[in-house]
1. Using the Karplus curve 6.51 cos²θ - 1.76 cosθ + 1.60 with θ = phi - 60°, work out ³J(HN,Hα) for each residue of the stretch 181-187 in order, rounded to whole Hz, and write x for Gly and Pro.
2. Considering the Cα trace of the stretch 335-426, what is its radius of gyration and what is Dmax, both in angstroms?
3. Could you give the dipole magnitude of the stretch 38-168 about its Cα centre, charging the beta-carbon of Lys and Arg +1 and that of Asp and Glu -1, in debye to the nearest 20?
4. State the extension gain, in nm to one decimal, for the chain segment bounded by Thr112 and Val341, taking 0.36 nm per residue of separation less the distance between their alpha-carbons.
5. Just to verify a number: FRET efficiency for Lys486 and Lys427, C-beta to C-beta distance, R0 = 22 Å, to 0.05?
6. Using DSSP to define loop residues, name the trypsin sites (Lys or Arg not before Pro) in the stretch 171-263 whose beta-carbon has at most 12 other beta-carbon atoms within 10 Å.
7. Considering only protein heavy atoms, what is the solvent-accessible area of Met426 at a probe of 1.4 Å, reported in Å² to the nearest 10?
8. Going toward the positive end of the dipole of the stretch 101-154, with +1 on Lys and Arg Cβ and -1 on Asp and Glu Cβ, which of Cys119, Gly152, Ile106 do you reach last?
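The values are calculated or read from the model by the stated rules, or taken from the named source; none is laboratory data. All figures in this text were calculated on a predicted structure; none of them were measured in a lab. A quick note on method: Cβ atoms are made from the backbone with ideal geometry, for glycine too, and the neighbour counts reach across all protein chains shown. These area figures cover heavy atoms from the full protein model, side chains too; ligands, DNA and RNA do not enter into them. Shrake-Rupley method; radii C 1.70, N 1.55, O 1.52, S 1.80 Å.
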Amino acid sequence: KKHFYNATLMVVLCLFFAAWAKVDMTMEESVEVYLGDIADIPCLYVFSEQARAVMIQWFVRNPGSSSRERIYYGDNTQQIVDDGTEFTGRITVSDIGDQEGVLLTIQDVQLTDEREFFCQVNGMAAGNGEGKTHLRVFDPPEASVIEGVHAGISVTNELPSRIASCEARNSFPKPNITWYRDSSPLTPTHGQINVVTLVTRESSGFYTVQSELQYKVAKEDKDALFSCEVSYYVPEGVRTAKSKVINITVHFPTTIIELWKESPQGLVKEGDTVELRCQGDGNPPPPFTFNREQASDDTLVLREVIRGDSGVYQCRSLDLDTYEQVTGDMQLTIHYLDPAVVVPKDSEILLKGESLTATCNALSSLETATVWFKNRQQVGKGHMLFLQDATYDTAGEYVCEVTVSSLPGLHTSGSVHIIVQGAPQMKDADREVEMDEGTGKWVNLSCEAHAHPLPTISWTVTGSQSWREVLTRATEHSTISVVSVKVTSDITAFCNATNDIGTETKSFSIRASKPPSEGNGVIIVVIILCILLLAILGSVLYFLHKKGKIPCGRSGKQEITKENPNKDDIVVEMKTNTKTEDAGLLKGVNGDKNGPSDQVTMDTKAIR
């Protein structure tokens, strides 16, 4: 009884002193770490009295229960990591350093490590205490996967339709998914927006979240971009990751139809191929029908159109989702230009001196311009052509060309042939022609006469028996005749042009000139010889004078000529009066030009 009393007393005393002793514990509420990293959980304590011995134990709470499991024990003499726990081989406990406390270090943190860790400190008489820290483990999800529905979604659906799904895989803890239309978040709304979320906890401990967006589409959503955003927890807070954007196919009925001319560009003329296109604002595009002809899909092709194809064209949609008939229409105008009508028609005969007004008209749907041409040269503008005081030059074909400036492809032309009728008229203004020709020559005489009807030409030649017609040619408006005449004497020739209306005559007068006589030729030869003799004589006298054979002083002066010439003196005087041919010959010999009336005189005296 005595020993029992003493032991009881000691316990009571210990409890009494322990009640007065105090220890302050400091531990973090939670420690956050990424999966696979190292977790450090500090445990700080301060005793109110000096502790002779300190015993520290670490415990963890088992998942899903209130029971605890010890994983570490240590005192002043030993440090033991308990065997057979999930942390065996992965934890160490060390002193913090300048503070009273220890640091629990966990290597290669696993998802199952997320739980409460308890630090229990026992200082015996100095007191004891306990603190806890919640270890939180994080692992970001994989990149989100968004997928939109491939089929079109009709705006006529009464309930929201599934348009897309989004999935975030292998995350810890569980992530959240938010839907966006363009840049605006979508909030579930009754009858408009539904979000169905499925959360799966994998056997590995990770979470996979699947979200489905159900949305009542409208026509305005055809260009909208939808996306999902995944928000997940990390040690630093909350992060977000957006998916790619998707576009959905929205089906809506046609409310507006547009009809236009695809080709040709600009105005349309007869003979063109016209292509009309019809397009509505519905999706998918409905088939169309045209009010005039059958079309292929949304295109109506009109080939080689005529003015009768002008009018209002209309296309209608065959959209079954449309309760009201929707149409589109346009006015098509086919422009035309009728063949030109020329008055007078084909040809017209005018008498010389008469006047004529020709007209050229072409019916057209557009404003026209008319130009007249003759021999490709412009001779007038406007639909009227005035021909006044007609001559043979007036005759010919006149072409009028009618064009449309606003539509170059439209053009037409017509023509009229003008015939000017009258008596013959010689081409040359001279009716009398005079000429000089040498005797014995052949001369060509030509004559051209204009007239309608075409004239015939006859020749009358007097003064020559040798003549012949070498050419006769008729053109549309004239006759040409050429004769060759031999000049034997003075000749008179008449060209007579005759038709049913009258006669025109042209005369030719030819004066025959004689050839140069033989006497004139002899005189010329004599003159040349005399000049040569004088030149030689002068040269000899000059030579003798230089040699001193002929003295020139006063004492030795000799008379070369006598005072009175006798009958033996030689006096030569030649005079000539020739025609042009002789003058030409002298020019070739002397280099002097003497006219027909020039005189050539030479005096020669004998030297005694």
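1. Each residue's phi maps through the Karplus curve to give 10, 6, 10, 9, x, 9, 10 Hz.
2. Rg, Dmax (Cα atoms, Å): 14.4, 52.
3. The calculation lands at about 300 debye.
4. On the way: separation 229, 0.36 × 229 = 82.44 nm, distance 10.58 nm.
Extra length from Thr112 to Val341 when fully extended: 71.9 nm.
5. Computed FRET efficiency for Lys486 and Lys427 comes out at 0.30.
6. Values: sites: Arg181, Arg201, Lys216, Lys219, Lys222, Arg239, Lys242, Lys244, Lys261; in loops: Lys216, Lys244.
Here the sparse-neighbourhood loop sites are Lys244.
7. 10
8. About the Cα centre, the residue reaching furthest to the positive side is Cys119.
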